[in-house]
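Comments concern the structure below.
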Amino acid sequence: MSPEMINLIVQATGESLFMVSIAALLGTVFGLPIGVFLATSRKGELFAAPAVNAVLGMVVNATRSTPFIILVVAIIPFTRLVAGTSIGSTAAIVPLTIASTPFIARLVEAAIREVDAGLIETASSFGASPLQIVFKVLIPEALPGLVLALTLAIVSLLGYSAMVGAVGGGGLGDLGIRYGYQRFMPEMMLAVVVVLIALVQAVQSAGDYLARRVNRRLRHR
Amino acid sequence: MNAHQALAVGEPIGAHAAISPGDAPDAMVRFEGISKVYPAYRHKPGVRALQDIDFAIARGSITGVIGRSGAGKSSLVRLINGLEKPTTGRVVVDGRDISALAGRNLRLAQRSIGMIFQHFNLLSSRTAADNIALPLEIAGWPKTEISARVAELLALVGIADKADRYPSELSGGQKQRVGIARALATRPNVLLSDEATSALDPQTTRAILDLLANINRELGVTIVLITHEMSVVRQLAKEVVVIDAGHVVERGHVADIFTNPQHPITQSFIAEVVGDSLPVSLASRLTSAPVAGGQAVIRVQVRGTGAGNTLVARLAREVGIDVALLAARIDEIGGQHVGSLTIGIPAGEGAAQQVLAWLAQHQFASERLGHVA
């Protein structure tokens, strides 16, 4: 494998990590509160707002059911508005964030719903406000589940990031398509797949480790 | 008819005299004309959980609320700390109408009412000490005061050495001690116990009930405990409220309730703890027809002062027959003897009739169970 090829792979890996990490960060910033709200806003719940919950749920479902490649193309004008351009890794962060936000929101909702309702009642019984319940009870108790949810989201984002090559987003997927497929360089395709496998393994292992560390439901000593 | 009305008109059934009437000035908790209806929702029909609830819980007392599951006791206790709102009526706690409070005012009032739960409801992500600190953090205490108070509470409930343990590393009894310490953290004047010992073994239950008795004695905290176990009421409570199908069917001092239960539900609860059931070996031999040369089996209820102690001897002496003691159980509850004796009388109609007549004359409730060989 030539030094040029190795350079290309290193550069593409950097682009992929950049896109995925920023999109995961923004997806969490937007997805976490949406997920917490979805988990606490049905009838009789902490922030009961059944109508808003239903509408938000539909928006989340609609976004999640749009194929990612179509989403990327469909929101080009919006991407240009936000990023100033619709081409390149920075621009690709916009569709990646929009795709990961509802995904993370649903995962967060599931993790929060796992928290025993008795704990909410307990905190209410000693006069905790709804926001105190969220920050002192729900999020800390759901933390292992939230860490695993974020891990899953990052792995999915690595997959999505391979598709943003279609709008010049760069990254590993783009490299694999252009060199491995279109220029027929199977060794390049193989190298890209190997790097992606290694990245997914690393992310998943780190996530599992962290989730175990924050899980106090199991005996440690 | 509810107990309060019964008390007012002096009717004996369902109301024992001299317990905290509804208008007592020293009431810590007062239920006034309470009903609670859960409206129909989706496929579930509406439920009338509580009706005509009118009574008071005296300051510094330990009151047991007993009922079968679904009787409404959970709803009743949740009215006290505002987790539930009554459909009609009001709940006055320490002079304040808690059912009228909402939002921040309700949350402030809730800090003076602690609660412990059947399944402890500890945060798995916090150590014992941090679980106890939670209500203090929520109340906005400064950090230094929190750690001093937590150390005090850990010592009070006897688990100072478990401060840094997570709930997953604690036994059921230790978890409930954390729960009790947490409930007492903000120095409440009422402690609500929602089946707090139902998930514990008998020995641990006894230890936890002893701890609650100490807390009541030393801190003067009013304790309201809901339970489906009469043994819990017997060990801890001074007053009993029996509820069934959303109504208070009987209430009074624990000794009065145990010695003279009026309502069938109360009687069935008492039968559970005073051991009215016969030993299996005896029950299996019991026949309804007299057995020649055998014995008639009679059960005598013992309720009250030490009368049961000399019963067998007096019976033998005064009626002049041999009395066999087949089974017996007598407990002391609130200074009163409560239990039953099962005795065997030599076959032949005459003897059994004589004994039953003597028992009736001396005001012992008794029944003939059958005959054994």
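Return the percentage of antiparallel bridges among DSSP beta bridges fully within the protein assembly as shown, rounded to the nearest 5 %.
Values: 48 of 68 bridges.
The answer is about 70 percent antiparallel.
Put the Cα centre of the range B:151-213 next to the Cα centre of the range B:74-116 and the gap is 23 Å. Spin-label pair A:Glu114-A:Leu131: with each label point 7 Å from Cα along the Cα-Cβ axis, the two points sit 2.8 nm from one another.
Relative contact order, whole percent, for chain B stands at 17, derived from Cα pairs under 8 Å and 6 or more residues apart. If a spin label sat at a point 7 angstrom from the Cα of B:Ala324 along the line to its beta carbon, the backbone N atoms of the range B:349-373 nearer than 20 Å would be those of B:349-356, B:367-373. Averaged over peptide B:123-134, the number of partner chain Cβ atoms lying within 10 Å of each residue's Cβ comes to 4. For the range A:1-149, a simple Cβ point-charge model (Lys and Arg +1, Asp and Glu -1, everything else neutral) yields a dipole of about 340 debye relative to the Cα centre. If R0 equals 25 Å, the separation of the Cβ atoms of B:Arg317 and B:Glu367 corresponds to a calculated FRET efficiency of about 0.65. FRET efficiency for the A:Ser205 to A:Ile87 pair, using the beta carbon distance and R₀ = 30 Å, is estimated at 0.30.
For chain A, the Kirkwood radius over C-alpha pairs fed into Stokes-Einstein at 10 °C and 1.306 mPa s yields D = 83 µm² per second. Rg/Rh, computed from the Cα trace of the range B:35-97 with Rh as the Kirkwood radius, has the value 0.99. Over all Cα atoms in the range A:59-167, the spread is summed up by Rg and Dmax: 17.8, 55 Å.
Based on C-alpha pairs under 8 angstrom that are at least 6 apart in sequence, the range B:51-102 has a relative contact order of 20 percent. Helix A:139-161 axis versus longest C-alpha principal axis of chain A: approximately 20°, rounded to the nearest ten. Of all DSSP bridge pairs formed entirely within chain B, close to 70 percent run antiparallel.
Springs between Cα atoms under 10 Å define the GNM used for chain B, and in it the highest mean-square fluctuation of B:Leu191, B:Leu153, B:Leu83 occurs at B:Leu83.
Placing +1 on each Lys and Arg Cβ and -1 on each Asp and Glu Cβ, with no other charges, gives chain B a dipole about its Cα centre of roughly 880 debye.
Taking every DSSP beta bridge that has both ends in the range B:131-275, the antiparallel portion is near 55%.
Counting charges near A:Ala39 (Lys, Arg +1; Asp, Glu -1) among other residues having Cβ under 11 Å from its Cβ returns a value of 0. Taken along its principal axes, the alpha carbon cloud of the range A:10-103 reaches lengths of 51, 24, 21 Å, longest axis first. The residue list A:Pro186, A:Thr90, A:Pro140 was ranked by how far each Cα lies along the charge dipole of chain A toward its positive end, using unit charges on Cβ atoms, and A:Pro140 comes out on top. Remark on the range B:73-116: Rg and Dmax equal 9.6, 26 Å (Cα only).
Counting Cβ atoms of other protein chains within 10 Å of each residue's Cβ and taking the mean over peptide A:125-137 gives 6.
Peptide packing: for B:89-101, B:33-45, A:61-73, the average count of neighbouring Cβ atoms within 10 Å per residue gives the ranking B:89-101, A:61-73, B:33-45, highest mean first. In the range B:171-296, the convex hull through the Cα atoms has an average projected area of 11.0 nm², a quarter of its surface area.
Classify chain B as rounded, prolate or oblate, taking a ≥ b ≥ c as the square roots of the eigenvalues of its Cα gyration tensor: rounded when a/c is under 1.5, otherwise prolate if a/b is larger than b/c and oblate if not. Prolate.
Per DSSP H run of n ≥ 4, the term is -39500 (n - 2.57); total these for the protein assembly as shown, divide by its residue number, and report the mean residue ellipticity at 222 nm rounded to 500 deg cm²/dmol. It would help to have the intermediate numbers written out before the result.
Working: 23 runs with 291 residues, N = 594.
Computed mean residue ellipticity for the protein assembly as shown: -15500 deg cm²/dmol.
For the range B:226-272, the relative contact order comes to 31 percent (Cα pairs under 8 Å, sequence separation of at least 6).
Within 13 Å, Cβ to Cβ, of A:Ala117, how many net charges do the neighbouring residues add up to if Lys/Arg are +1 and Asp/Glu are -1? Present the calculation step by step, with values, prior to reporting the outcome.
Numbers: positive: A:Arg42, A:Arg113; negative: A:Glu45, A:Glu114, A:Asp116, A:Glu121, A:Glu141.
That works out to -3.
Local charge for B:Thr127 was computed over the other residues whose Cβ lies under 10 Å away, with Lys and Arg +1 and Asp and Glu -1, and equals +1.
Could you tell me the calculated FRET efficiency between A:Val194 and B:Arg42, based on Cβ-Cβ distance and R0 = 51 angstrom, to the nearest 0.05? Walk me through the numbers before you get to the answer.
Values: r = 53 Å, r/R0 = 1.04.
The pair A:Val194/B:Arg42 has a calculated efficiency of 0.45.
So what's the gap between the Cα centers of the range A:77-153 and the range A:24-50, to the nearest angstrom? That distance is 7 Å.
Take each residue of peptide B:108-119, count the partner chain Cβ atoms within 10 Å of its Cβ, and average: the result is 3. Here is the P(r) of the protein assembly as shown: all C-alpha pair distances, binned every 10 Å from 0, give 3, 13, 18, 17, 14, 12, 9, 6, 4, 2, 1, 0 in whole percents. Enter the angle in degrees (range 0 to 90, nearest 10) between the Cα long axis of helix A:50-65 and the first principal axis of the Cα atoms of chain A, meaning the one along which they spread out most. It works out to around 20 degrees.
Which whole number in µm²/s is D for the range A:118-221 by Stokes-Einstein, with the Kirkwood Rh taken over Cα pairs at 25 °C and 0.890 mPa s? Could you put the intermediate results ahead of the total?
Numbers: Rh = 16.8 Å.
Translational D for this selection: 146 µm²/s.
The range B:86-168 gives an Rg/Rh value of 1.06, both radii derived from C-alpha positions and Rh following Kirkwood.
Bear in mind that the values in this text are calculations on the coordinates, not laboratory data. A quick note: this is a predicted structure, and the numbers were derived from the prediction, not measured. All Cβ positions, even for glycine, are placed from backbone atoms using ideal geometry, and neighbour counts span all protein chains on display.
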